[in-house]
Amino acid sequence: MLKKLLIFLSLLTVPAVAQQRFSGTLSSPDGTLSLQLEQDDRGALLYGLTIDSHPVVLPSQLGFVLRGKRTEPQYRFERQNKANLYDLTDLTDHFEVIGQQRGADDSWWEPVWGEESRIRCRYNEWTVHLRHRPTGYLLDVIFRLFDDGLGFRYAFPAQKDLTFFALADECTQFRMAGDHTAWWIPVDFDSQEYEYHQTPLSGIPAVFADRVHGHVDRPLQDVVGVQTALLMKDAAGYYITLHEAALKDYACMHLKVDGTTLTAFLTPDAEGWKGHLQAPSVTPWRTVQVTRSATDLLQSRLVLNLNDPCAYEDVSWIHPVKYVGVWWEMISGRGDWHYTNDFSTVTVGQTDYTRATRNPRHSAHTENVKKYIDFAARHGFDAVLVEGWNQGWEDWDGNSKDFVYDFVTPYPDFDIDAVNAYAHEKGVSLVMHHETASSVRNYERHMEAAYDLMNRYGYETVKSGYCGDIIPRGDYHYSQFMVNHYLYAVTEAARHHIMVNAHEAVRPTGLCRTYPNLIGNESAKGTEYQAFGGIAPGHVTILPFTRLNGGPMDYTPGIFKMDCASGSHVNSTLAGQLALYVTMYSPLQMAADLPEHYEARPDAFQWIKDVALDWEESRYLFAEPGDYVIVARKAKGSGQWFLGGVTDGERRSFSIPLDFLGKGRFEATVYADAPDAHYRYNAEAYRIEKKIVRASDSLPVTLAEGGGVAISFKKL
Ligand code: NOJ
Ligand code: CA
């Protein structure tokens with residue numbers, strides 16, 4: 001890793017003149033962005049942001065409401081509404097600026113895996129030290145201004161009168177400068193598995209987000225709110241994303257929407273508080289990325305840059321993974337996770353017994369798993385995921401069951417010894433599956449033994465899952481408690497040299513820089529929904545801007561047979577599925593479809609076998625959220641380029657300049673939609689063409705409705 005070049009322009013604490021209103025500005029390193037700070041007559045500290053002197057965030061409030069003193073001792077029954085038992089301390093105004101510091105950084109760092117092999121981190125920093133006059137509490141705000149956006153976080157310094165405290169609210173506002181076009185999913189403390197809506201900010205309706213897991217979301221009734229990353233485009237054509245970075249020991253932020261004013265809305269705990277902190281402590285970074293083009297936004301690494309460097313000394317055990325799995329056959333309706341079936345009552349004498357019969361549709365049995373291992377070995381895959389291998393699937397879902405799985409006991413038809421020995425003989429490893437059914441207490445109860453078992457059998461990666469309501473009951477998937485759990489699972493896994501791919505966990509905020517064994521997350525609507533009724537084609541043109549902003553997604557692409565046994569149709573073309581391996585960046589990629597579907601189309605399957613997972617360089621060539629994304633990436637090590645492009649429901653043509661190729665001649669293999677392909681009516685029609693190209697050429701491509709294009713470039 002390159003040596004960090006940190007130049008502090010001034011380390012001196014400058015005392016502010018008493019009673020004077022504080023104000024000032026900070027420019028980004030190349031002057032594109034400017035941050036303005038000012039105090040209003042209430043003593044609130046307001047921040048504003050401009051790009052090219054054009055307003056992005058109008059002067060906006062910072063601060064918190066803290067839980068104050070408990071008013072009086074109460075009887076037990078009165079505790080039900082705990083909020084009424086406490087005073088609240090407003091920490092949004094009556095601030096005195098007691099000091100400030102400026103600094104800067106311009107350094108390069110090398111991620112363990114990523115879209116680039118080196119990332120530049122260049123920002124100007126401004127820290128403002130505040131004292132809250134009424135209480136004497138100290139609060140710092142740290143701003144880092146990059147050329148592609150702003151990050152700021154709060155720090156509560158160690159102080160005598162504020163050590164352990166609870167947040168009633170974070171009050172950070174983002175007053176947007178206009179009624180921008182927004183791509184949003186509704187506020188929900190338990191799920192991000194939604195498709196995006198595109199409306200003006202003022203068109204975002206109040207939602208009732210109790211749909212997904214049946215949580216009675218009282219705090220959400222009538223709330224107009226969205227999740228982050230929230231993507232916007234303003235009338236002048238600037239692209240803006242609001243998100244957060246380095247979400248640790250804090251609740252996940254959503255945004256309340258009031259016209260064009262967005263206000264932080266933290267996920268509450270089971271009692272309704274928004275977090276419990278101990279000073280000294282810092283919050284996650286609040287991020288406002290803003291760029292002149294959509295491709296620049298996709299190229300922004302601001303969220304990663306705001307995360308801490310890698311926490312592990314030895315990362316030799318962390319690597320990209322291309323995998324297949326006993327998965328799509330269950331998801332698409334051909335098989336089951338549970339081993340027993342058809343509970344029936346048998347009466348013997350006077351006694352009724354419950355008899356379970358063997359489920360003939362159980363997929364994770366030894367012979368079937370071996371078939372996948374053979375397939376993986378034949379085609380050079382690293383690993384095979386097996387879901388439904390362990391006991392507990394009979395009543396896992398919807399029963400709020402605490403002791404649901406033990407993560408170590410296989411079903412009788414899954415011979416864990418034999419299957420692992422067979423896999424290793426063939427040079428393949430298995431991907432462990434830990435569905436927790438959201439019984440977090442239970443997962444932590446068994447975690448050490450579960451990871452030990454993985455070490456014993458040579459599993460390198462675990463896919464975990466959090467379906468259903470959280471136990472401890474009343475907690476939400478995105479609360480501070482759960483944020484801590486997900487990271488605990490990752491750091492405990494690291495002790496065992498295990499890589500983690502967590503589904504239904506909180507959406508990523510760049511923590512994979514610090515903990516690179518977090519090689520995947522779901523945290524959005526993924527391919528599984530193609531088997532549950534389908535996904536609108538434009539979805540994959542929005543995710544790179546929103547969900548992928550914080551880290552890679554286990555999107556599980558590669559479906560070749562579009563009509564599922566479930567009756568659902570995959571709303572994509574075959575070439576579109578291939579393109580996703582490049583457009584949906586991830587060091588963990590699944591070839592999700594069934595072996596027989598791939599072996600029936602070896603020419604198209606070749607792309608999935610060839611495509612790289614780790615990159616030296618990435619160039620976003622064309623992009624417009626909701627419409628299309630085209631990106632070219634240079635593989636780490638081989639110097640080979642791969643290009644992927646996806647479109648929404650519209651057919652689109654592009655002429656792709658190949659100047660990224662650099663010197664020499666390349667053999668381009670183009671995997672394109674057939675001229676009459678269409679995601680709905682002719683989804684599996686593709687054609688493959690080879691061409692010799694060089695950097696001075698342009699390649700014309702046409703993407704069918706809901707389709708895509710995938711191109712590999714091999715140096716000659
Ligand atoms: C939902 C996950 O997203 C999916 O991949 C998994 O198969 C099921 N839960 C069962 O764990
Ligand atoms: Ca899921």
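Numbers below:
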read-out	value
The stretch 502-558, residues that are assigned to a strand (DSSP E or B) and away from ligand 1 (no atom under 15 Å from the Cβ)	L518, I519
Matching option when the condition is crowded, with 21+ Cβ neighbours inside 10 Å and within 23 Å of the chain's Cα centre (by Cα), among A604, A591	A591
Pairs where the first residue, in the stretch 610-622, is farther than 15 Å from I519 by Cα and of a type in the set (K, R) and the second is open to solvent by less than 60 Å² (accessible area, probe 1.4 Å) and outside any strand (DSSP E or B), C-beta under 6 Å, 6+ apart	R619/F660
Residues satisfying the stated conditions in the stretch 468-510, i.e. within 16 Å of ligand 2 (Cβ to nearest atom) and among the polar types (S, T, N, Q)	N501
A437 vs. criteria within 16 Å of ligand 1 (Cβ to nearest atom), assigned to a loop (DSSP other than H, G, I, E, B), at pLDDT 95 or above and under 20 Å from Q589 (Cβ atoms)	no
Given (1) among the basic types (K, R); (2) within 30 Å of A612 (Cβ to Cβ); (3) surrounded by fewer than 23 Cβ atoms within 10 Å (Cβ to Cβ), number of the condition K463 does not satisfy	(3)
Test: L580 is in contact with a Pro (Cβ under 9 Å, 6 or more places away or on another chain), within 20 Å of I519 (Cα to Cα) and open to solvent by 10 Å² or more (accessible area, probe 1.4 Å)	no
Candidate set: the stretch 622-637, residues that are over 21 Å from the mean Cα position of the chain (by Cα) and within 18 Å of L658 (Cβ to Cβ); chosen: the one surrounded by the fewest Cβ atoms within 10 Å (Cβ to Cβ)	F622
Of all residues making up the stretch 187-220, the number that are at pLDDT 65 or above and surrounded by fewer than 21 Cβ atoms within 10 Å (Cβ to Cβ)	12
Condition met for L167 (crowded, with 24+ Cβ neighbours inside 10 Å and in contact (Cβ under 8 Å) with a residue 60 or more places away in the chain)	no
Single residue of G526, G534 found to be in contact with a His (Cβ under 7 Å, 6 or more places away or on another chain), within 16 Å of ligand 2 (Cβ to nearest atom) and open to solvent by less than 20 Å² (accessible area, probe 1.4 Å)	G534
Selected residue (criterion: farthest from D610 (Cα to Cα)) from residues of the stretch 374-413 that are modelled with pLDDT of 95 or more and touching a His at 6+ places or on another chain (Cβ under 6 Å)	D406
Those strands (runs of 3 or more DSSP E) lying entirely in the stretch 146-201 with at least 1 residues under 19 Å from T509 (Cα atoms)	149-156, 164-170, 173-176, 181-184
Yes/no for S363 being within 16 Å of ligand 2 (Cβ to nearest atom), at pLDDT 95 or above and closer than 28 Å to S568 by Cα	no
Hey, L548 free of Cβ contacts under 8 Å to residues at least 60 places away in the same chain, open to solvent by 10 Å² or more (accessible area, probe 1.4 Å) and over 24 Å from S363 (Cβ atoms) or not	yes
Tally, over the stretch 694-708, of residues that are open to solvent by 50 Å² or more (accessible area, probe 1.4 Å) and within 11 Å of G645 (Cβ to Cβ)	1
Cβ-Cβ under 6 Å pairs, at least 6 apart or on other chains, the stretch 271-296 side at positive phi, far side part of a strand (DSSP E or B)	G275/L167
Subset of the stretch 336-366 that is within 22 Å of A418 (Cα to Cα) and out of contact with any Lys or Arg (no Cβ under 9 Å at 6 or more places or on another chain) - its residue that is nearest to ligand 1 (Cβ to nearest atom)	W337
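Here is a yes/no grid of residues against (1) open to solvent by 20 Å² or more (accessible area, probe 1.4 Å); (2) under 23 Å from M232 (Cα atoms); (3) modelled with pLDDT of 80 or more; (4) in contact with a strand residue (DSSP E or B) (Cβ under 8 Å, 6 or more places away or on another chain):
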site: R42; (1), (2), (3), (4): yes, no, yes, no
site: Y47; (1), (2), (3), (4): no, yes, yes, yes
site: V56; (1), (2), (3), (4): no, yes, yes, yes
site: P59; (1), (2), (3), (4): yes, yes, yes, yes
site: K82; (1), (2), (3), (4): yes, no, no, no
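The values are calculated or read from the model by the stated rules, or taken from the named source; none is laboratory data. Being a predicted model, the structure only gives us computed values, none of them experimental. Don't worry about glycine lacking a Cβ; one is built from the backbone with ideal geometry, like all the others, and counts go over all protein chains shown. SASA here: full protein model, heavy atoms, side chains in, ligands and nucleic acids out. Shrake-Rupley method; radii C 1.70, N 1.55, O 1.52, S 1.80 Å.
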